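The values are calculated or read from the model by the stated rules, or taken from the named source; none is laboratory data. Owing to the predicted nature of the structure, the values given are computational and were not obtained by experimental measurement. Here Cβ is always computed from backbone atoms with ideal geometry, including for glycine, and neighbour counts include all displayed protein chains. Only protein heavy atoms, including side chains, enter the accessible area calculation; ligands, DNA and RNA are left aside. Shrake-Rupley method; radii C 1.70, N 1.55, O 1.52, S 1.80 Å.
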Amino acid sequence: MNKDSQMRAAINQKLIEMGERERLKELLRAKLVECGWKDQMKAQCKDVIREKGLEHVTVEDLVVEITPKGRALVPDSVKKELLQRIRAFLAQHSTL
Amino acid sequence: CNGAWLQRKQHTLQPTYYVMSLYPQIMFCFGRARRSSRCGSPAGCSHVNAYKVDNWRPNLRVIYQCFVWSGSAETRRRKAKSCICHMCGAHLNRLHSCLYCVFFGCFTKKHIHEHAKNKRHNLAIDLLYGGIYCFVCQDYIYDKDMEQIAKEEQRKAWKLQGVGEKYSTWEPTKRELDLLRHNPKRRKMTTNCTIGLRGLINLGNTCFMNCIVQALTHTPLLRDFFLSDRHKCEMQSNSCLVCEMSQLFQEFYSGHRSPHIPFRLLHLVWTHARHLAGYEQQDAHEFLIAALDVLHRHCKGDTTNDNGKKANNPNHCNCIIDQIFTGGLQSDVTCQVCHGVSTTIDPFWDISLDLPGSSTPFWPLSPGGDGGTVNGESHLSGATTLTDCLRRFTRPEHLGSSAKIKCGGCHSYQESTKQLTMKKLPIVACFHLKRFEHSAKLRRKITTYVSFPLELDMTPFMASRWASTNYLPPGLYVLVRYALFAVVNHQGTLESGHYTSFIRQHKDQWFKCDDAIITKASIKDVLDSEGYLLFYHKQFLEYE
Ligand SMILES: [Zn+2]
Ligand SMILES: [Zn+2]
Ligand SMILES: [Zn+2]
Ligand SMILES: [Zn+2]
Ligand SMILES: [Zn+2]
Ligand SMILES: [Zn+2]
């Protein structure tokens, strides 16, 4: 493992250990509903399903097709806020 | 809920982590897509039945407890350590656990798929979201019993962590579903709609009340509280001001255009705050404080069901008013002889600021001196800024020889200095510019122009600023940034004046409320106004 992924793993472990990961996840979920992202995603998924036909599409097909679009559509403000919180968390647990 | 329609936000709104800048829509009523309609194959997955034998329920519960929701510190520690892909060592990449044996594998690189195929273990559980995947059907399964267990365990885990229900999505109760069915009309907030704007009839010098009502009804967190029907009334008679506010919010957000006549509100204010009774002009600031106080007292029933969690504000109250408006002011009195410091913390609902031009000297705080660029306010025009007023408010003040205080260190009366700083910032910071001077000698209005910003950084006025600025990584200051959302103005003289307000809708649309008349306003109109009460909303809210 390179240094970067070691760091990621360490941060992820700390987030899980302190219960922060769960809170961040729920926070993100709420933010994404609020900013309309979830509705956008739902519409995109429906489009894909309509295009391919319900019989011929799996969850994984959807994930592959939608993930890049989904990432791109997350508002900067949401990303920024999550980053702030992770930073604040790390500042508090700076033994890492 | 009362009335012909329901207003709801899709998820339970907890003030503690609502971010205003992201407030684009309130969903009035939300038809949640039912799980069943999302299920891939209408017949459902038959492979799940093979799992449902013997003790499958307790087994599944243990998996949720230990590896998915991990409510206790012990299980979280274990999860953090042990949950890595057994094949590639990844921590992330959509980690799943086999339901038939102890195996963790990542989904992204298909390591969990490999395991499923080799061992013919068809079901795996997503360790982050708790969904259960069937490798034969190639789909997550939507099994009622399993979902029930997942939900119950998640609730327990949240409770263990003291998170409460605050992060859970709103699910209508049976009663609410009935109401929704009987009231099919839905209202949705779009980015340009003006729902929520409504004029208020002046009932005879009641503009002091109207301008505050406009500010309160446009306080994002307060609106969310009332529109999600969270007040549980415990008042005996129908004289509850909180109930009246609920009614008022319904009126404001009903979409009706005609001005509302707030006579019941006025009557209740007269009943509960007798010093404001009568048809004379009253002070809007005084009304604000009285209203907050009465609302706080009438909120009793709302404060009990918060998991018994101690209130985290200096007023020691969990009511919505204290959650939003209460901050803590730290007062440090330093003895000039022994330099011993005695510190007290007092709750506040607003900050009253002295202005230049009053009989108490405003300067020697040099205009635009150190930290002159704070909050991007310029002193080009020579105008005093809100930041100046706050710097003055938080400067060390020599108490003088006539105000000696008994020092705990010296055990005698000594001269001392006193400094006020913000210990705890409220979610809504309300600044009162002291424009009305009532001293023994004179009563007058101070019309000095004070410029105030759209965005305010409160970091420089915090008690722990020296400790924190050296410690926090760059960029963290955003956590104490505030955005202006309402301004109350007083026009005219002390004897005959008139109150109006500017309120903000959405992110940057401003409106002027002059009793029954509401007009569009520019940001310049707002910032050029004199300013009597300034309402700022915290932009990033910590969850506690
Ligand atoms: Zn299946
Ligand atoms: Zn792997
Ligand atoms: Zn297995
Ligand atoms: Zn009530
Ligand atoms: Zn209270
Ligand atoms: Zn002393």
Taking the dipole about the Cα centre of the range B:52-161, with the C-beta of Lys and Arg at +1 and of Asp and Glu at -1, give me whichever of B:ALA150, B:TYR100, B:MET87 is farthest to the positive side. B:MET87
Compute for chains B and A the buried accessible surface, both sides summed, probe 1.4 Å, and express it in Å² to the nearest 100. 3800 Å²
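Averaged over its residues, how many other protein chain Cβ atoms are within 10 Å of peptide A:12-20's Cβ atoms? Before the final figure, lay out each step's value.
Details: counts 6, 8, 1, 2, 11, 8, 5, 12, 1.
Rounded to a whole number, the mean comes out at 6.
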Give me the percent of the accessible area of the range B:52-161 that comes from carbon and sulfur atoms, probe 1.4 Å, all protein chains in place. 51 percent
Extreme residue, positive dipole direction of the range B:475-538, given options B:ILE503, B:SER529, B:ALA483 (C-beta unit charges): B:ALA483
Any residue on another chain or 5+ positions along whose placed amide H is under 5 Å from the amide H of B:LYS423 is listed here as B:GLY328, B:LEU329, B:GLN330, B:ALA463
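Suppose R0 equals 60 Å. What FRET efficiency, 1/(1 + (r/R0)^6) with r the Cβ-Cβ distance, do B:GLU171 and B:GLU495 give to the nearest 0.05?
Values: r = 56 Å, r/R0 = 0.93.
So, using R0 = 60 Å, E works out to roughly 0.60.
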Could you sort the peptides B:326-333, A:51-58, B:410-417 by per-residue average Cβ neighbour count (10 Å cutoff), highest mean leading? B:326-333, B:410-417, A:51-58
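What percentage of the solvent-accessible surface of chain A, computed with a 1.4 Å probe over protein heavy atoms, is contributed by carbon and sulfur atoms? Walk me through the intermediate numbers first.
Working: 3110 of 5560 Å².
After summing per-atom areas, the C and S share lands at 56 percent.
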Per-residue HN-Hα couplings for the range A:50-55, Karplus 6.51 cos²θ - 1.76 cosθ + 1.60 at θ = phi - 60°, whole Hz, x for Gly and Pro? 4, 5, 8, x, 3, 5
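Which FRET efficiency, nearest 0.05, do A:LEU62 and B:ASP528 yield, Cβ-Cβ r, R0 60 Å?
Details: r = 52 Å, r/R0 = 0.87.
With R0 = 60 Å, the Cβ-Cβ based efficiency is 0.70.
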Pairs beyond 31 Å (Cα-Cα), from B:LYS109/B:LYS144; B:LYS423/B:LYS520; B:LYS174/B:LYS538; A:LYS38/B:LYS424; A:LYS46/B:LYS151; A:LYS14/B:LYS156: B:LYS423/B:LYS520; B:LYS174/B:LYS538; A:LYS38/B:LYS424
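Classify the range B:52-161 as rounded, prolate or oblate from the Cα gyration tensor: take a ≥ b ≥ c as the square roots of its eigenvalues, call it rounded if a/c is under 1.5, otherwise prolate when a/b beats b/c and oblate if not.
oblate
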Taking placed amide H atoms and a strict 5 Å upper bound, the residues 5 or more places from B:CYS45 or on another chain that come that close are B:TYR142
Hey, which aspartates and glutamates would be in cross-link range of B:LYS81, C-alpha to C-alpha under 14 Å, not counting anything within fewer than 8 residues on its own chain? A:GLU17
Going 7 Å from the Cα of B:LYS300 toward and past its Cβ, which residues in the range B:244-263 have a backbone nitrogen under 17 Å from where you end up? B:244
List the residues whose amide H sits under 5 Å from the amide H of B:LEU494, counting only those 5 or more places along or on another chain, with H placed 1.01 Å from N in the peptide plane. B:LYS445
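Please state the charge dipole magnitude for the range B:52-161, taken about the Cα centre, from unit charges on C-beta atoms (+1 on K and R, -1 on D and E), reported in debye and rounded to the nearest 20.
320 debye
Rounding to the nearest 20 debye, state how big the charge dipole of the range B:206-299 is about its Cα centre with +1 on each Lys and Arg Cβ and -1 on each Asp and Glu Cβ.
Working: 7 positive and 9 negative charges, 40 e Å.
So the magnitude is around 200 debye.
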Charge dipole (the range A:3-93, unit charges on Cβ, about Cα centre) - positive-most of A:ALA88, A:VAL78, A:MET18: A:ALA88
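Between B:HIS316 and B:GLU147, what FRET efficiency follows from the Cβ-Cβ distance if R0 is 41 Å, with the result rounded to 0.05?
E(calc), rounded to 0.05, equals 0.55.
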Treating the angle as unsigned and between 0 and 90°, give the value, to the nearest 10°, between the Cα long axis of helix A:59-73 and the longest Cα principal axis of chain A. 60 degrees
If a paramagnetic tag sat 7 Å from the Cα of B:CYS101 along the Cα-Cβ line, which residues of the range B:44-64 would have the backbone N under 17 Å from that point? B:51
Per residue of the range B:220-231, in order, report the coupling 6.51 cos²θ - 1.76 cosθ + 1.60 (Karplus, θ = phi - 60°) as ³J(HN,Hα) in whole Hz, putting x for Gly and Pro. x, 6, 5, 4, 4, 4, 6, 6, 9, 6, 9, 7
State, to one decimal in nm, how far the label point of A:LYS80 lies from the label point of B:LYS109, with both points 7 Å from Cα in the Cβ direction. 3.6 nm
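Charges at C-beta only: +1 for Lys and Arg, -1 for Asp and Glu. How large is the resulting dipole of the range A:3-93 about its Cα centre, in Debye rounded to 20? Please list the in-between numbers first.
Numbers: 19 positive and 15 negative charges, 79 e Å.
Dipole magnitude for the range A:3-93 comes out near 380 debye.
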